[in-house]
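Taking it in order: structure first as structure tokens, then the write-up.
The values are calculated or read from the model by the stated rules, or taken from the named source; none is laboratory data. For clarity, every value in this text was computed on a predicted model and none was experimentally measured. Cβ sites come from the backbone with ideal geometry, for glycine too, and all protein chains shown count toward neighbours.
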Ligand SMILES: C[S@@+](CC[C@H](N)C(=O)[O-])C[C@H]1O[C@@H](n2cnc3c(N)ncnc32)[C@H](O)[C@@H]1O
């Protein structure tokens, strides 16, 4: 996705014997070797959450939870209730372990948007979805599912924008993070068309990590990136349901 090159030395977690890596800033949260290790996009979303002030006392949905880092962050900020969903069994197990090890109350469930809407509506939806353009549609439940998002990078983003109105209660807030390569303007358009006031609230430009570097030529050939481009702008979009 972005900077998976910064993976620290793996360490054995004594709770389960699985190979995991520790996570900067959250020393009691672990990433299993086959679960997305929180990085720039995760931290940018955490920053937006802090700055928004919408989490304390709210009913939260963290969609695409991975290690559970966003859900745990929300719980630690004083959310009233936190539900977290992921389609990858490894992520669900990892997030459950992390919720327990951090002493936070997070209901981690296996599933996606259809399952989440059964438990809604929520006051706040948080999401760091897969958004890296890939030459084919994502498949399987392995690690690449954390970033591969189809030719336009919008495989999950489009569903999120279409489903947001039913996931959120009136007056609720969506905070999502995505790359410039997955058409943030389309996200804003879809959300506005679906009854939200939406805007970019944070951005951060980073260098390509291994995934983006391996796709650099294809991104240029398909005119998604400029010739020689090796940086990626990440944005957080906030959408408030009217
Ligand atoms: C970029 S990672 C984000 C992990 C974590 N939220 C973070 O910020 O570090 C995306 C996660 O979405 C999950 N995922 C992919 N497609 C999904 C879908 N349709 N519904 C739910 N989870 C999905 C992947 O398994 C992966 O764990």
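Worth a mention:
- Any hit, region 166-174, residues being within 12 Å of the chain's Cα centre (by Cα) and over 19 Å from residue 185 (Cα atoms): no
- Pair list, Cβ under 9 Å, 6 or more apart: region 54-67 residue modelled with pLDDT under 95, other residue part of a loop (DSSP other than H, G, I, E, B) and crowded, with 24+ Cβ neighbours inside 10 Å: none
- Every residue from region 204-223 that is touching a strand residue (DSSP E or B) at 6+ places or on another chain (Cβ under 8 Å) and surrounded by 13 or more Cβ atoms within 10 Å (Cβ to Cβ): 204, 206, 207, 208, 211, 212, 215
- Of all the residues in region 93-123, those that are under 20 Å from residue 240 (Cβ atoms) and away from the ligand (no atom under 14 Å from the Cβ) number 4.
- Residue 183 being within 12 Å of the ligand (Cβ to nearest atom), crowded, with 18+ Cβ neighbours inside 10 Å, farther than 22 Å from residue 71 by Cβ and free of Cβ contacts under 8 Å to residues at least 60 places away in the same chain: no
- Listed here are the helices (runs of 4 or more DSSP H) enclosed by region 139-242 that have at least 1 residues being in contact with a helix residue (DSSP H, G or I) (Cβ under 9 Å, 6 or more places away or on another chain) and modelled with pLDDT under 95: 210-221.
- For region 42-53, the criterion of being at pLDDT below 90 and part of a loop (DSSP other than H, G, I, E, B) is satisfied by no residue at all.
- Selected residue [without any contact (Cβ under 8 Å) to a residue 24 or more places away in the chain, assigned to a helix (DSSP H, G or I) and over 15 Å from the mean Cα position of the chain (by Cα)] from 115, 100: 100
- Residues that are within 6 Å of the ligand (Cβ to nearest atom), under 11 Å from residue 111 (Cα atoms) and in contact with a strand residue (DSSP E or B) (Cβ under 6 Å, 6 or more places away or on another chain), drawn from region 64-92: 64, 65, 85
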